[in-house]
Amino acid sequence: MAAFGYPVSLDLEGRRCVVVGGGTVAEHKVQGLLDAGAAVTVVAGAFTSALRELAARGEVELLHRPYARGDLAGAFLTIAATDDGAVNAEVFAEASGGNVLCNAVDDVAHCHFAAPSIVRRGDLTISVSTGGKAPALAKRLRQTLSAQFGDEWGVLVDVLAESRAAALARNGGTRDVDFATWAERWALALDGDLAGMVRDGRAAEVAEIVRSALAGEPPSRSDGSVAIVGAGPGDPGLISVRGRQLLDAADVVVYDRLVHPSLWEGKDAVDAGKEPGAHRVDQAQINELLVRLAREGRRVVRLKGGDPFVFGRGAEEVDALAAAGIRYEVVPGVTSAVAALGAAGIPVTDRRVSSSFAVVTGHCATGEVDWDRLAMAVDTLVVLMGLRRLPEIVERLLAAGRPGDTPAAVVGNGSLPDQRVVTSTLAELPAAVALAGVSPPAVIVVGDVVRLRGSDLSAARDPLAERLAGPS
């Protein structure tokens, strides 16, 4: 059986708690106890300035001396925050004899319990424990959770508590249905991005949604919305925290061809993917679909590869939603124009060789893009969706004056496990890519920044990259 395998939350309000030690670790432990409402005494030969300030404000009691047996008299809990194993053992012995809960920091043998890492948002407390085996991991997870759960979660707890009390008050303080039905109603009440609504200042709407659900009333289908979310360059781990939250709460996901399937797996999902020359669903149909789903009261996530506003037609979808009066949100994503190059060890800018860059579409090699003007206008040129027209693009750049020996590269499937990188000179790039057999999706980059990939170990195994990097 795992040590410290039964998690509990303690009521420390007004209870005497003793911390042995006056350093930085003790300071953090004291703050956690104070947050829980404990009456804290700290015993140590020296104290941090923060602990002295707490004492000056009357928030803690300081005993300026080494620990002595009897210091735990009347205590409910003690924490030994010292580097002295002998002191920890003495504190543990006294605690064990006096029925005082003891935790010695990083000293499992002298612990009655493991102190979890905590994220506190009002009355919401999220604790992470590894049973004392890997506290650094618990801390890392706490940091991750802290970024994911904002202050709105504490407010949401208050809203839910008030709604629950109001629902029970209608029946004299008790449920009017059996427990299973009550649980089903709560599941319906919580099925949505309630925290997001609170964050948007819509706490009153949340209260009404919960009230209706707990009363067993049919759910309102008038609150449909669309979130246009950038999924990043390919690696599902590069989606934003907000994007992940919206996906978790979504009723339906409308996704593009280049979105990693793990992001919408298990969801009601619609494939709106488009390939060059083979559009299964045109943009007008996608716009109509988003509006229709939202009008059905569904929470829709429009999941788009990269960033929705970087050649992603996100603005067209926003216009359609706004014209239809649909509530929407835009969540930026990591564009492959930057991320794919970064994954390949190629910076977009570098103060030594590049102070400017441009991102262009390669769909129209001779139409929308003014290659004649662009060829020499920026240090780094990034081309998205241009692989099928690579020979034409290179020809236009060379004709416009871009030197043929300019370093260039193509990054295929950037950020994914099967990522491929081909480096060459601009003039030789089409032949090098054809020889390597790289296929879309891919990002083209032209500029001296490609030389910097030569310092990457992966590039050192690439003869073309070695040649471009030159002598070390």
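The values are calculated or read from the model by the stated rules, or taken from the named source; none is laboratory data. Just so we're clear, the structure is a prediction, and the values are computed from it rather than from any experiment. Don't worry about glycine lacking a Cβ; one is built from the backbone with ideal geometry, like all the others, and counts go over all protein chains shown.
So, in region 303-322, of the ones that are in a helix (DSSP H, G or I) and charged (D, E, K, R), which residue ends up farthest from L384 (Cα to Cα)?
The selected residue is D319.
From the residues in region 129-169 that are surrounded by 14 or more Cβ atoms within 10 Å (Cβ to Cβ) and among the acidic types (D, E), which one is nearest to S9 (Cα to Cα)?
D158
Pick from V159, V241: which is more than 30 Å from A337 (Cα to Cα) and at pLDDT 90 or above?
The conditions single out V159.
Within region 105-123, how many residues are crowded, with 18+ Cβ neighbours inside 10 Å, free of Cβ contacts under 8 Å to residues at least 60 places away in the same chain and under 22 Å from A36 (Cα atoms)?
3
Scan (1) of a type in the set (D, E, K, R); (2) farther than 27 Å from G447 by Cβ; (3) buried (at least 21 other Cβ atoms within 10 Å of the Cβ) for the single condition R327 breaks and write down its number.
In the conditions (1) of a type in the set (D, E, K, R); (2) farther than 27 Å from G447 by Cβ; (3) buried (at least 21 other Cβ atoms within 10 Å of the Cβ), R327 misses (3) alone.
Please pick out the residue among S49, S96 that is surrounded by fewer than 13 Cβ atoms within 10 Å (Cβ to Cβ), farther than 18 Å from I118 by Cα and out of contact with any helix residue (DSSP H, G or I) (no Cβ under 8 Å at 6 or more places or on another chain).
It is S49.
For D83, all conditions in the list (1) under 19 Å from P135 (Cβ atoms); (2) surrounded by fewer than 15 Cβ atoms within 10 Å (Cβ to Cβ); (3) modelled with pLDDT of 95 or more hold save one; what is the number of the exception?
With (1) under 19 Å from P135 (Cβ atoms); (2) surrounded by fewer than 15 Cβ atoms within 10 Å (Cβ to Cβ); (3) modelled with pLDDT of 95 or more applied to D83, the lone miss is (3).
Only one of these conditions is not met by R389: (1) buried (at least 16 other Cβ atoms within 10 Å of the Cβ); (2) touching a helix residue (DSSP H, G or I) at 6+ places or on another chain (Cβ under 9 Å). Which number is it?
Failed condition: (2).
Looking at G273, G277, G312, which is the one that is within 19 Å of P440 (Cα to Cα), touching a strand residue (DSSP E or B) at 6+ places or on another chain (Cβ under 6 Å) and at pLDDT below 90?
Going through G273, G277, G312 in turn, just one is within 19 Å of P440 (Cα to Cα), touching a strand residue (DSSP E or B) at 6+ places or on another chain (Cβ under 6 Å) and at pLDDT below 90: G312.
Please specify each residue of region 20-54 satisfying the condition of being under 23 Å from R69 (Cβ atoms) and either among the small types (G, A, S) or not assigned by TED's automatic domain parsing to the domain that holds G74 (or both).
G21, G22, G23, A26, A38, A39, A44, G45, A46, listed by residue number.
Take I346 and tell me if it is over 30 Å from P236 (Cα atoms) and β-branched (V, I, T).
no
Could you go through region 323-334 and let me know if any residue there is touching a Lys or Arg at 6+ places or on another chain (Cβ under 8 Å) and part of a strand (DSSP E or B).
Yes, region 323-334 contains a residue that is touching a Lys or Arg at 6+ places or on another chain (Cβ under 8 Å) and part of a strand (DSSP E or B).
Kindly provide the set of residues from region 363-407 that are at pLDDT 95 or above, under 38 Å from the mean Cα position of the chain (by Cα) and of a type in the set (D, E), ordered by number.
Listed by number, the list holds a single entry, D379.
Conditions (1) among the acidic types (D, E); (2) within 28 Å of A231 (Cα to Cα), marked per residue:
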site	(1), (2)
G386	no, yes
L390	no, yes
E395	yes, no
R402	no, no
N413	no, yes
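Test of understanding: among R211, R242, R257, which residue is of a type in the set (D, E, K, R) and in a loop (DSSP other than H, G, I, E, B)?
R257
Considering only region 330-361, state which residues are in contact with an Asp or Glu (Cβ under 8 Å, 6 or more places away or on another chain), crowded, with 17+ Cβ neighbours inside 10 Å and closer than 24 Å to N287 by Cβ.
Passing the criteria: P332, G333, T335.
Name every residue in region 214-239 that is free of Cβ contacts under 8 Å to residues at least 24 places away in the same chain and part of a loop (DSSP other than H, G, I, E, B), in order of residue number.
E217, P218
Considering only region 130-156, state which residues are charged (D, E, K, R) and not in a helix (DSSP H, G or I).
Matches in region 130-156: K133, D151.
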